[in-house]
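Following: one structure in structure tokens, then a few remarks.
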Amino acid sequence: HRSLTSRRRSDTRKTTKGGVRMPKRPRVLKPLPLLDEPSLLEFFREEGIKAIHAETIWSALVKGKAKTLKDLEHVPNVPKRLPALLEGKFAVTTSKIVSVSRAADGGTTKLLIELQDGSRVESVLMHFGDSGDSAESDTKRQNHDNENANEDGDGDDGGGGEEEEEEEEEKKKKIEEEEKETGLPRKEEASASSKTLKKKKKKRQRRHNTHKRSTLCVSSQVGCKMGCKFCATGTMGLRGNLMSGEILEQLYWAISVCPPDQPLRNVVFMGMGEPLDNYHNVLPALR
């Protein structure tokens, strides 16, 4: 049998295309990322371990319940022999954070991450909603919501907004139908209904804009072979594909620096590289 490491390679072929530099050799990682789905499931099959335990391990890592392989001994439902089997073959993380840069306005946090082979990629956390450090902004937002609630005659900021909007739409349609049938104008009532609908839509949009959350932008490749002139990454050429585990380690590190009051809610593949050019690694990362 060939070694697991030699089979799980994260890159393609040695070539030059359109003057853009391609990787000289495949990237081979040893140990492998514990978050790499294909590698871990293949290892489990070889050792006769049920695949369901992989999900338990990944959950423990992302939730911070296990920071080392030895910590897995204390995770419920993980086979006792498993941590010892993983030793030397897998690592909780194969990368490390080199630097964390926060924008002055608090809108973004950039992570420079060094991979096992010394290559570096960037991940960016984009923060939305008011900064949790500003009590003043929370007060202003609350006062603003209260004022609008008084204007609407409805202080409920709950989840019935969509149903109310649908009712207003139906009411507006009925008014228009009655006008057509009777020939009598009901413009004042229709106008009031339209204003109420606009207010409710505006209120929902405001709630969305002030909802505290973060989105993570991840890289899928070291460099890129697309060669777009406007993109700094494109001028690097493709130096290597990231394994799915390396992509997910960006999520792992981002969680560790993400503000607690602006929790991570979304992930986008808009960092370094072209995701569809590394489809076989991006797909398991998405899963």
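The values are calculated or read from the model by the stated rules, or taken from the named source; none is laboratory data. Because the structure is a prediction, the values reported are computed rather than measured. We place every Cβ from the backbone using ideal geometry, glycine too, and count neighbours over all the protein chains shown. Accessible surface areas use protein heavy atoms only, side chains included; no ligands, DNA or RNA. Shrake-Rupley method; radii C 1.70, N 1.55, O 1.52, S 1.80 Å.
Okay, here's what the table says:
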read-out: Rounded to the nearest 10 Å², the accessible area of Phe90 at probe 1.4 Å; value: 10
read-out: Modelled FRET efficiency - R0 41 Å, Arg102 with Lys80, Cβ distances, 0.05 increments; value: 0.45
read-out: Net lengthening on full extension, Lys174/Met270 (0.36 nm per residue, minus Cα-Cα); value: 30.0 nm
read-out: Out-of-range pairs (alpha-carbon distance over 26 Å; input Lys63/Lys201; Lys70/Lys96; Lys67/Lys225; Lys96/Lys229; Lys63/Lys110); value: Lys63/Lys201; Lys67/Lys225; Lys96/Lys229
read-out: FRET efficiency for Leu112 and Lys70, using Cβ-Cβ distance with R0 set to 25 Å, rounded to 0.05; value: 0.30
read-out: Pairwise FRET efficiency - Asp261 versus Lys202, Cβ, R0 = 30 Å, nearest 0.05; value: 0.75
read-out: Where segment 223-262 is the region considered: accessible area per residue in Å², 1.4 Å probe; value: 41
